[in-house]
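Participant: Have a look at this one before I ask anything.
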Amino acid sequence: MITFGAAFLSAQENYKTLVFKGNQEFDQKNYESASSKYMEAAKLNEKEFTAHYNLGNALYKREMYDEAKAEFEKAEKIASTLPDKSAALYNLGNAYMQQQDSKKAAELYKQSLKQDPYNESIRKNYEIAMLKEKEKEQQKKEKNNSGGGGGDDQNKDKNKGNEKGDQPEKQDGAGQQGKGEGEGKDQNDGKSDNSGNKMPKDLEDAILNRVGNKERETAKRILNKNSYSMPQSNEKDW
């Protein structure tokens, strides 16, 4: 019995050490090495939220979005607190957003908001995802109304310059590191990594051109906010 207890404590200590080393690698932007550490930690304790969550973040930084989604899904299922659940859902939504699935991303942001209703970053991403969905709907309507022929080609040429703007903004810098459960650095010290990081002009123009007149004022209100909260990643300590 004593031997089993000692082995359990040793495994827990190894788990924490691996997560800590993974965080160090993550801070240095060595995301492949960080992934390896987090993966080892997850194998030691598959029921711990942090290893899966941080592994998802490292894979996300490597633009391995399918793999990141799998880890965020695992983290969300085993999350024991509302902030952890919200953070996992939020980053899962970010991964879908990177893959241009704004509909699924909006659903996940909405679920995340239910767990953390006052989080402005989640709310902003939800609004942007919804605007992109409206843009897609408008594109479909235009395509159907064109009836093929030259009008359709004309629309393609017209929209060609907006294709780049539809791409989600890539992440820069290290992941946020929070001591609390699921808390990011911006929640802890009042600073946001997204301040001054405004929406690319081509994406803003594309959205405004696509929404109907009745929705244009709402779109402008959303787009004119100070920051552009596209996918961000929250690293978590053990």
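The values are calculated or read from the model by the stated rules, or taken from the named source; none is laboratory data. No experiment lies behind these values; they were computed from the predicted model shown. Glycine gets a Cβ as well: all are built from the backbone with ideal geometry, and neighbour counts include every protein chain shown.
Participant: Filter region 51-70 for residues that are assigned to a helix (DSSP H, G or I), in contact with a helix residue (DSSP H, G or I) (Cβ under 6 Å, 6 or more places away or on another chain) and not aliphatic (A, V, I, L, M) and give the result.
Facilitator: Residues satisfying the conditions are His52, Tyr53, Asn54, Gly56, Tyr60, Lys61, Tyr65, Glu67, Lys69.
Participant: Do the conditions hold for Tyr126, that is, is it in a helix (DSSP H, G or I), hydroxyl-bearing (Ser, Thr, Tyr) and at negative phi?
Facilitator: Criteria met by Tyr126.
Participant: Can you go through Glu32, Glu63 and tell me which one is within 18 Å of the chain's Cα centre (by Cα) and either surrounded by fewer than 21 Cβ atoms within 10 Å (Cβ to Cβ) or at pLDDT below 95 (or both)?
Facilitator: Glu63
Participant: Considering only region 51-64, I want to know if a residue exists there that is over 26 Å from Ala105 (Cα atoms) and hydrophobic (A, V, I, L, M, F, W, C). Please lay out each step first, then the result.
Facilitator: Filtering region 51-64 down to residues over 26 Å from Ala105 (Cα atoms) leaves none.
For region 51-64, residues over 26 Å from Ala105 (Cα atoms) and hydrophobic (A, V, I, L, M, F, W, C): absent.
Participant: Next question, about the same structure. Would you point out which residue out of Asp172, Asp152 is surrounded by fewer than 18 Cβ atoms within 10 Å (Cβ to Cβ), modelled with pLDDT under 95 and within 25 Å of Ala51 (Cβ to Cβ)?
Facilitator: Answer to the selection: Asp172.
Participant: So, in region 35-45, exactly how many residues are surrounded by 21 or more Cβ atoms within 10 Å (Cβ to Cβ) and not in a helix (DSSP H, G or I)?
Facilitator: Qualifying residue count for the region: 0.
Participant: What residue, of Gln138, Gln100, is assigned to a loop (DSSP other than H, G, I, E, B), modelled with pLDDT under 95 and not hydrophobic (A, V, I, L, M, F, W, C)? Working first, answer last.
Facilitator: Details: Gln138 fails: assigned to a loop (DSSP other than H, G, I, E, B).
On inspection, the qualifying residue turns out to be Gln100.
Participant: Suppose we filter Ala70, Ala75, Ala79, Ala106 for residues that are among the aliphatic types (A, V, I, L, M), surrounded by fewer than 20 Cβ atoms within 10 Å (Cβ to Cβ), within 22 Å of the chain's Cα centre (by Cα) and modelled with pLDDT of 95 or more; which single one remains?
Facilitator: When all the criteria are applied, what remains is Ala70.
Participant: Another question, if that's okay. Criterion first (in a helix (DSSP H, G or I) and among the polar types (S, T, N, Q)) does Ser112 satisfy it?
Facilitator: Yes; evaluated as a whole, the condition is true for this residue.
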